[in-house]
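The values are calculated or read from the model by the stated rules, or taken from the named source; none is laboratory data. Here the structure is a predicted model, which is why all the values come from computation and not from measurement. Positions of Cβ are backbone-derived with ideal geometry, glycine not excepted, and every protein chain shown enters the neighbour counts.
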């Protein structure tokens, strides 16, 4: 499983302005990561799982249905988080990244990850 996911994460990292990515469980347990040197994948996976948990709770209370993607914009960087059946894909992006463009490019890889995790 990890080899398939590793290859997909490597492809995501080749998208312009992507700085790294992690696939983890809702509990923050890393299944695989491809982060730049100096990053702390364990910390990021833990924080990512917390973000998803809080947002899922909010959406449930608002009766908005299940989340699919979370996009966060910061002064020094952006982050995309995809949610699929107990796992999250967290993608760190440069502060000047076109998040909509990255989302379009990432979508086929999200589908590949879903297939790898299901099989």
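Looking across region 35-70 at every residue that is in contact with a helix residue (DSSP H, G or I) (Cβ under 8 Å, 6 or more places away or on another chain) and not in a loop (DSSP other than H, G, I, E, B), the one that is farthest from residue 8 (Cα to Cα) is identified as 70.
Taken together, the residues in region 1-33 that are farther than 19 Å from residue 83 by Cβ and assigned to a strand (DSSP E or B) amount to 1. Residues of region 55-69 that are at pLDDT 90 or above, farther than 13 Å from residue 26 by Cβ and surrounded by 10 or more Cβ atoms within 10 Å (Cβ to Cβ): 58, 59, 60, 64. Residues that are farther than 19 Å from residue 34 by Cα and surrounded by 12 or more Cβ atoms within 10 Å (Cβ to Cβ) within region 85-98 comprise just one, 98. Scanning region 106-119 for residues that are surrounded by fewer than 16 Cβ atoms within 10 Å (Cβ to Cβ) and closer than 16 Å to residue 90 by Cβ yields 107, 114. The residue that is nearest to the chain's Cα centre (by Cα), among those in region 70-99 that are more than 16 Å from residue 21 (Cβ to Cβ) and modelled with pLDDT of 90 or more, is 73.
Does residue 15 satisfy being in contact with a helix residue (DSSP H, G or I) (Cβ under 6 Å, 6 or more places away or on another chain) and either buried (at least 19 other Cβ atoms within 10 Å of the Cβ) or more than 20 Å from residue 112 (Cβ to Cβ) (or both)? Criteria not met by residue 15.
Within region 71-98, the only residue that satisfies the criterion of being under 22 Å from residue 114 (Cα atoms), part of a loop (DSSP other than H, G, I, E, B) and touching a strand residue (DSSP E or B) at 6+ places or on another chain (Cβ under 8 Å) is 86.
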